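Attaching a single structure in structure tokens format; questions to follow.
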Amino acid sequence: MMTRKEFLEEVMRRANLKDLKQADEATRAVISLTKLIIGPKLSQKIAKISPPDLREGWESIKPAYPQKPIKIITGSGGEDADIREIAPYIQRYLGVEILIENIGGFWGRVPFEKFQNTISDGYTLISYTFPRSIIIEMMSDAKYKTIEFTPVFAWASGNQFIVVSPETYKNFDEFLKDAKNRTLRCAIPLLGGITHLTGLLLAKGLEINVEWVNYEGSASSISALARKEVDFTICLASGVMSWIKAGKVKPLVLLPDKRHSGYSYFPNIPTLKELGYEIDQVTIRHVVEAPPGTPLQVVRILEDVFSRAIRENSYNQWAKKNYVIIDPLNSEEFHKEIKETYFKIQKVKDMLKQ
């Protein structure tokens, strides 16, 4: 069985190098690039089947990426909460510092336009609530294309509820019957935002008329419902739980087409699909992307470490506490969902602009 010294001597002979030091440097460079190309999973398999002496040398060499800190740009005001929880694990796995940079105007096209032209070396990433980028792209004269970004990983979903006052509708049938007879008022945190998009797809699928009332924020929207200024609102579990526990509002129906384990908090609340309604919906996700043209080898490394991070027990505990549903998509799966989401948003694009 070949030892590391014998291996280096063979490298020195074949490459016509003058000493073992040169052979070692050349070997390290080749292994570093090889690890980058084949990715961490195959690299680990190679280490397992290597002789002990060679395995030690192989495992001691870092891949060609990353070699310096990685910056992840995101928004503030809660937009960054999830990525900040994951970042320490990513940093530990990669062995380089992960810098989280909050930038202003994140609900606008400028951050995404700048990201479109960022160097595609894997050292600048963007994390946000999808499909924010597609909505902004379709509603403005944006100089970027979400479909051109390089999908890395999507790890958590946040499907929404229809929420009503406890004193109005007993069930979804009563809600729908009322909605068929008059125009209901729905509080939303932002006209042209993700909740507005969800509502438009819902109204289109149920064939009901809704007046969308902008209350500038989820808390303000829920508060308006509690004051009975509107008939319903649409929101995530994380934003409404305290109101539900206080008995001021109640969830009527879940909008996703499948029941995630994260919704065990609401075992008695049906999904629309369970009630027999096949309604187009867009899944809200926490995602991370790289600039256009980022090499596949880099994506594979990042994809792997994000996949490992979301399995950490402490992150899972945080996710449960904050009603975050861990629902991962790898790069290919996320890319497929991006294409499907374009088609869904296109259906209500004009209404979003009104």
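Taking the beta-carbon count within 10 Å as an exposure proxy, list Ser331, Ser223, Ser242 from fewest neighbours to most. Before the final figure, lay out the partial values.
Numbers: Ser331 20, Ser223 17, Ser242 12.
Listed from fewest to most nearby Cβ atoms, that is Ser242, Ser223, Ser331.
Under a straight-distance cross-link criterion of Cα-Cα below 16 Å, which lysines are reachable from Lys48, leaving out those fewer than 8 residues away in the same chain?
Excluding near neighbours in sequence, the set is Lys35.
Hey, another quick one. Counting other C-beta atoms within 10 Å, which of Asp24, Asp327 has the fewest, and how do the rest follow?
Asp24, Asp327
Counting Lys +1, Arg +1, Asp -1, Glu -1, what net charge surrounds Val249 among other residues with beta carbon under 11 Å of its beta carbon? The partial results should precede the final answer.
Numbers: positive: Arg227, Lys228, Lys245, Lys248, Lys250; negative: Glu167.
Summing Lys/Arg as +1 and Asp/Glu as -1 gives +4.
Going Cα to Cα from Lys344, which aspartates and glutamates come in below 13 Å? Please leave out same-chain ones fewer than 8 positions away.
Asp280
Please figure out what share of the DSSP beta bridges in the chain is antiparallel and state it in percent, rounded to the nearest 5. List each step's numbers first, then the result.
Values: 21 of 37 bridges.
That works out to approximately 55 percent antiparallel.
Sequence neighbours fewer than 8 away in the same chain don't count; with that in mind, list the lysines whose C-alpha is under 26 Å from Lys170.
Lys180, Lys204, Lys228, Lys245, Lys248, Lys250, Lys258, Lys273
For a quick check of your reading of the filter: which trypsin sites (Lys or Arg not before Pro) in region 189-236 sit in a DSSP loop and have no more than 13 other Cβ atoms within 10 Å?
Working: sites: Lys204, Arg227, Lys228; in loops: Arg227, Lys228.
Loop-located and lightly packed - Arg227, Lys228.
Relative contact order of the chain, please, whole-number percent, based on alpha carbon pairs below 8 angstrom and at least 6 residues apart.
23 percent
What percentages, rounded to whole numbers, describe P(r) for region 4-60 computed over all alpha carbon pairs with 10 Å bin width beginning at zero?
24, 51, 24, 1
Something else: Measure nothing fancy, just the Cα-based angle from helix 20-49's long axis to the longest principal axis of the chain, in degrees from 0 to 90, nearest 10.
The angle comes out near 40 degrees.
For the chain, what is the Kirkwood estimate of the hydrodynamic radius, computed as the reciprocal of the mean inverse distance between distinct Cα atoms, to one decimal in Å?
22.7 Å
Which value does Rg/Rh take for region 161-265 over its C-alpha atoms, Rh per Kirkwood?
Looking at region 161-265, the ratio lands at 0.93.
With only Lys, Arg, Asp and Glu charged, each at its Cβ (+1 for the first two, -1 for the last two), find how big the charge dipole of the chain is about the Cα centre; round to the nearest 20 debye.
I would put it at about 300 debye.
Values in this text are rule-based calculations from the coordinates and carry no lab data. Predicted model, so just to flag it, every value in this text is computed and none were measured. Backbone-built Cβ (ideal geometry, glycine too); neighbour counts: all protein chains shown.
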